Structures are given as structure tokens and as C-alpha cells.
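What follows is a single structure, written as C-alpha cells, with notes after it.
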Amino acid sequence: MWCRSLACLFKVPCQLSGSTRHRSPWLPCDRRTVLTAAARWHHTAPESLKCAWQLHGDHLELRYANTLMRFDFVWLRDHCRSASCYNAKTNQRSLDTASVDLGIKPKAVRVDETTLFLTWPDGHVTRYGLEWLVKNSYEGQKQQVMHPRILWNAEIYRQAQVPSVDCRSFLETDEGLKEFLQNFLLYGIAFVENVTPTKEDTEILAERISLIRETIYGRMWYFTSDFSRGDTAYTKLALDRHTDTTYFQEPCGIQVFHCLKHEGTGGRTLLVDGFYAAEQVLRQAPDQFELLSKVPLKHEYVENVGDCHNHMIGVGPVLNVYPWNNELYLIRYNNYDRAVINTVPYDVVHRWYAAHRTLTTELRRPENELWVKLKPGKALFIDNWRVLHGREAFTGYRQLCGCYLTRDDVLNTARLLGLQA
């Protein structure tokens, strides 16, 4: 998703003697080439072979598994997985990258059915599995997504009938935890049922998947309409859809909500898949999507209430994408906390407003709104980098508890259970 064609990089033709430029024909996988002045690599690979390769002045081209890959020679030396270059026990590089000659070229190259062999001028031999190269090449990464997801509006989510996970299964079994995390990774939200409605039990729940991220709001917090903090959330007013902590340099990754008590009416929680809305913008107005992914904005939180004195500023675009495949990984959207726009020149700002309006229109479509009534015993986990939340106004006494989790630890837990995260 969000994969648009990028400018083709590394198209460097091979420089031969004199001023002649020559594109080398492909070499078959079972041939060995020694890089000497006499060897101009004029060989043609039989079309029946699964892979073929050719050398250029500063890189190797390899075609395998329907992928054309280009590898800089320095890259090939730097990523060597031999015992002297890479510690397989710690999964850390041992080779000093700064020691590699930037003009290095292999002395010999050989490719068999599964492996690329490179012999360097000092005699060192590097071996790469062809499947590993496909997975780790720039061209291979462009074809992959970092985090598989199911984008949803309200109807898609309801039809999916995503189950909640029972608290005991979540806490005591890997199967229950894995089911929960799979739901969370795919949809950006997940529920745990039958939780004892206390802050202490909610804390135990959160610590099952992550370290709790302590912020200016504390570690675990109670949340009610007492205006104890300088934030609209601490009132009974309705809250429009938004992501939290946009004013942090790194917004909190996951938010946990657990309603402990509500004696009154209203107060339903609103959930909107920001990535689904962004996908609609990409399809309808790719130029506006690009603008929202490149223009940096400031978000700001200024608080002077009681003993709480804070001035937080976070900077970043509304949409954050991986540059190699244009995959969206973070949305920073909060109209309450967006600061003065002073990072955008005048000839861009109007176009930015138009793009922001397009995204806002998508986020506010009724069909994209999932309304959930939180109740004691049902904890909600929200991917704050993806899913926007809000609430309707309410009456009476309403108390929630919750916390923020460190995203890295949640993804770490998922990977240890065998999930792609």
C-alpha cells in the first residue's frame, strides 16, 4: 500500500577504457569472472537460468526471483556475514565500515544456484544467499510492506467481527496474547474483556505487552472531568477525532483506555482509521498526500494549571511515510494542539490548507466513524500512530484510567511471538 513508483536510482553504466561506455551483457549463474583488464565480461546467460548478473564500474547487477537488484561494491563488502565481519551470536557487525576502501571492487565473482560469492583484493571471500539479497536489497524492500494492515471504515470493521480477547487468556497464554496482538497490528485497535475495573489491574494488563511510558501525565493516570490538567479532555465536552501527544517529538505509540465508572449519559468513544482516510487521499489527490507527507508543522502544549507547568513542542508532517516504498507509518493529526504555522512559506501554505481539508473531509465521513461505548471491564488499546479517537459529550460522573505504552516494546513482543511487526 502507498507504493508509488520512485525515481530509479543507481543507474550507473560501466566505464571502460577511453571514453567508451558499455553495458555488460548478463552472466550466467554458474560462471566465474576474474576482474582483469582483459575480461570485459562479454558473456550471455541462457534464458533458462533462474538468475543472471553483470558487473559495472561501481556495482553489481543481479536478476533473481523476478527482481532486478543493484548492489554497490562498498555495500557488498560492508554487509559481509563472515565470522570475522559479523558476530552471529550477538547479531552485530564486527567490521569497521570506515576501514572499507570506498573504491573497492571484487577481484572475482561467482554465483551458483543459491549463493553469490565475492572475492575481494585482500583474498577475503563474502557469501550471500540469493534469497537474503532479494529480501534485503533496496529493490526488494520497495516491493514489501513493513507492517501488514487491514484498512477499515465502520462497516468493514463490523463485518470483520474482530473478537475481543478474554483477560485471563491474554495474561496467561501465548495464544491469547498472540491473537490480541494480531488484531492490534492489523486493525490498530484491540479489546480485552473481563478486566477487573481498577487502575492496578489495568496496569497489569498493559505491562503484559510493553513497558509503560511515563510522560508529563504520569505513569498510570485517572481521567475525569475535573479540569485538573490544562486540556479539553479533562472536561465533559465532545472531543473531535485526533491523535494524542502530537506535541511530543516522538508521539506516544499506544494508548490504553479503561472506563472504570460512568454514572450518566453520552460519552461514547469515537474511533477512525487514519490510514484508511489517508489511502483515500492518496487515490484521489496524490499531490496532496505528498504535500501532507513533506510539510513540517509544529504542535504545541502549553499548561499552567496548579503544579503542572509544561511547554511541549513536537515537529513533523501530518503524514509520515517510509521514503523507499511510500508506506504510511504515522499520522500526526490534532487540530486542538496544532501550533502557529510558521514553518511553511506563503506560496505553499494555501495548498497545504487545501490538502489538510481533503484529509479532514475523509476523517469526518460518517461511514468512517466507529462508535464504541466503553464500560467497566472492557479495556481498549489504540495505535496512536494510526487510529484517531474522540468522544461525544457526556453527563454525570465518568472516570477512566489508562496509560501510554512504548511502541518498540509492543512490536518486540509481537515479533517474539512470530508476528510481522
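General remarks:
- Of the criteria (1) closer than 22 Å to residue 216 by Cα; (2) surrounded by fewer than 19 Cβ atoms within 10 Å (Cβ to Cβ), which one residue 405 fails: (2)
- Close contacts from segment 365-393, counting a first residue that is in contact (Cβ under 8 Å) with a residue 40 or more places away in the chain and a second that is among the aromatic types (Phe, Trp, Tyr) and open to solvent by 50 Å² or more (accessible area, probe 1.4 Å), with Cβ to Cβ under 9 Å and a gap of 6+ residues or different chains, come to 385/329; 386/329; 392/371.
- Flag if residue 327 is in contact with a strand residue (DSSP E or B) (Cβ under 7 Å, 6 or more places away or on another chain), buried (at least 18 other Cβ atoms within 10 Å of the Cβ), touching a residue at least 60 places away in the same chain (Cβ under 8 Å) and not hydrophobic (A, V, I, L, M, F, W, C): yes
- Flag set for residue 343, criterion: over 22 Å from residue 150 (Cα atoms), outside any strand (DSSP E or B), polar (S, T, N, Q) and touching a Lys or Arg at 6+ places or on another chain (Cβ under 9 Å).
- Of the residues making up segment 180-221, those that are out of contact with any strand residue (DSSP E or B) (no Cβ under 8 Å at 6 or more places or on another chain) and open to solvent by 50 Å² or more (accessible area, probe 1.4 Å) are 182, 196, 200, 201, 204, 207, 208, 214.
- All positions within segment 288-319 that are surrounded by fewer than 17 Cβ atoms within 10 Å (Cβ to Cβ) and not acidic (Asp, Glu): 294, 296, 302, 304, 305, 306, 308, 309, 310, 311, 313, 315
The values are calculated or read from the model by the stated rules, or taken from the named source; none is laboratory data. These numbers were taken from a predicted model, which means no experiment stands behind them. Every residue, glycine among them, receives a Cβ derived from its backbone with ideal geometry; neighbour counts consider all protein chains shown. What goes into the accessible areas is simple: the full protein's heavy atoms, side chains included, and nothing from ligands, DNA or RNA. Shrake-Rupley method; radii C 1.70, N 1.55, O 1.52, S 1.80 Å.
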